[in-house]
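Notes for the one structure printed next.
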Amino acid sequence: MFGLVDCNNFYASCERVFRPELEGRPVVVLSNNDGCVIARSQEAKVLGVRMGEPYFKVRELMERHGVVVCSSNYELYGDMSRRVMWCLSQVAPAVEVYSIDEAFLDLAGMAQHCALERKRYRDLTDWAGEVRGTVQQRTGIPVCVGVAPTKTLAKLANRLAKIAKLANSGPGVLVLSDEAQRREALAQVAVGDVWGVGSRSAAKLAAVGIRTAGELAGVGDAWARKNLGGVVGARLLHELRGFPCAGVAVEDEARKSLACTRSFGQPLTELADMAGAVASHAARAGEKLRRQGLEARLLTVFVETSKYAGLPPPYSFSAQLTLPVATDDTLTLVRAAQCGLERLWRPGRRYVKAGVVLDGLERAGADQQALLFAEVARSPERSKLMRAMDALNERYGTGTVKVGAAVARPGQREAWAMRRDVRSPAFTTKWGELWGLRC
DNA sequence: TCTGGGGTCCTAGGACCC
DNA sequence: TCTGGGGTCCTAGGACCC
């Protein structure tokens, strides 16, 4: 059996933990550049603020209703997420952190786990209720729990648990342990709300009269393979029928890629500005690599013009470079990224976004060939320099030390900087912004 | 005027190689 | 006239997830 724990309105809930005056009020959290709505409290959902809606389109509505608007504060959310995941690691034998606000729990080892922890539960519903209570008590974050024989069904159970909780007709947990429960649950969920069915597939399904998850579970495998993305669709059906196709990935399995991308505060037209943006992305990507003990073999640079400008496509351009040896060295990555950008750059366009993506990741030091080129690839001085940069930026704040290529021209502000006008304090991770109490 | 960022998996065609 | 099979690399794009 699998459990799925999902935090309710996670970012909005994080804002509330340290600002209890927001309880009961509509709250939304905005994306970078204060561009889109990416999280909403229940009250904001009721007002009709939609997920992903551009801020400028709903600003007036939100002002009218006194909605509290927050710029996103990933330091805070990341730290709250770690606390929630830590709680989960205490109550289940194996945890897969699926996203910042969700985790799958593998319940295969529950019997031994309970014996070790000297815990006894009446049944899985009893256990799930305790998980929910523990997380709420220790972190202040409300969660719901779904339990079922496959991950897809656990997601579905979680969804139903949330709906019932909102209607005050359920405890915030739902266990699907037998065939009758599975069938009943599938009948209640619209096909577009199934994990793995997006808007495109939902439209295709609607066109052939398939509306519920139950009906989807009954379609033929061949049809699913043809119309729902090949093997992906076939797996989805199996999972809905109760046969697991994926286990819980406990160890943070080697990630396959890593990206640093940003939209700009305003469009860029100058190569010098774009080069600065790309260099700063490459530098951040290098930091991420080193923090995770990884090295990259492939680097892709991309730039984009606006999708919404009404111009004919394409609007996205990319260049991929194979690095001579796997590396985590910022200066090498920056140079490669600049090279890629020169290949791509076409003047006379208004660029709104750029990014650096690293692929072909491996554990640092795994590239045997690099040993042959040790002087260039892994000079001890260079590693020392990287460690010193990371240490300074860790100690005195991000951006204390930068590569020259990522610094704006003298007297100019970084043209690629983003907007973030209404960010809440980093309550839990910065001394200067800790929660204050007045006595 | 103003539309996020970070992932995964899959497909396909062209260039090039042996 | 008849034109293979198996790779890699690169670019691009679709679909989905949170």
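The values are calculated or read from the model by the stated rules, or taken from the named source; none is laboratory data. Predicted model, so just to flag it, every value in this text is computed and none were measured. With ideal geometry, Cβ positions are generated from the backbone for all residues, glycine too; neighbour counts draw on all protein chains shown.
The table that follows gives values for the structure above.
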| quantity | calculated |
| --- | --- |
| Residue that is closer than 29 Å to A:Gln292 by Cα, in the same structural domain as A:Phe264 (by TED's automatic domain parsing), at pLDDT 90 or above and within 16 Å of DNA strand B (Cβ to nearest atom), where the choices are A:Leu341, A:Leu333 | A:Leu333 |
| Candidate set from the range A:302-328 (those that are crowded, with 17+ Cβ neighbours inside 10 Å and touching a residue at least 40 places away in the same chain (Cβ under 8 Å)); member that is farthest from DNA strand C (Cβ to nearest atom) | A:Asp328 |
| For A:Leu176: the one exception among (1) surrounded by fewer than 19 Cβ atoms within 10 Å (Cβ to Cβ); (2) touching a Leu at 6+ places or on another chain (Cβ under 8 Å); (3) without any contact (Cβ under 8 Å) to a residue 40 or more places away in the chain | (1) |
| A:Gln188 being modelled with pLDDT of 95 or more and either touching a Lys or Arg at 6+ places or on another chain (Cβ under 8 Å) or over 26 Å from A:Asp79 (Cα atoms) (or both) | yes |
| Condition broken by A:Leu76, with the remaining ones in (1) under 27 Å from A:Ala164 (Cβ atoms); (2) in contact with a helix residue (DSSP H, G or I) (Cβ under 6 Å, 6 or more places away or on another chain); (3) more than 16 Å from DNA strand C (Cβ to nearest atom) satisfied | (1) |
| Subset of the range A:33-57 (residues that are under 21 Å from A:Val352 (Cβ atoms) and either surrounded by fewer than 11 Cβ atoms within 10 Å (Cβ to Cβ) or out of contact with any strand residue (DSSP E or B) (no Cβ under 7 Å at 6 or more places or on another chain) (or both)) | A:Gly52, A:Phe56, A:Lys57 |
| Qualifying residue in the range A:14-26 (condition: within 16 Å of DNA strand C (Cβ to nearest atom), in contact with a helix residue (DSSP H, G or I) (Cβ under 8 Å, 6 or more places away or on another chain) and assigned to a helix (DSSP H, G or I)) | yes |
| Any helices (runs of 4 or more DSSP H) falling wholly within the range A:196-235 and containing at least 2 residues that are modelled with pLDDT of 90 or more and buried (at least 17 other Cβ atoms within 10 Å of the Cβ) | A:199-207, A:213-217 |
| Residue pairs meeting the criteria (Cβ under 9 Å; at least 6 apart or on separate chains; first at positive phi and touching a residue at least 40 places away in the same chain (Cβ under 8 Å), in the range A:341-360; second among the charged types (D, E, K, R) and within 8 Å of DNA strand B (Cβ to nearest atom)) | A:Gly360/A:Lys256 |
| Selection count where residues are more than 14 Å from A:Lys353 (Cα to Cα) and away from DNA strand C (no atom under 16 Å from the Cβ), scope the range A:254-294 | 14 |
| Residues of the range A:236-258 classified as touching a helix residue (DSSP H, G or I) at 6+ places or on another chain (Cβ under 8 Å), farther than 17 Å from A:Gly192 by Cβ and in a helix (DSSP H, G or I), total | 0 |
| Any hit, the range A:55-64, residues being at pLDDT below 95 and not in a helix (DSSP H, G or I) | no |
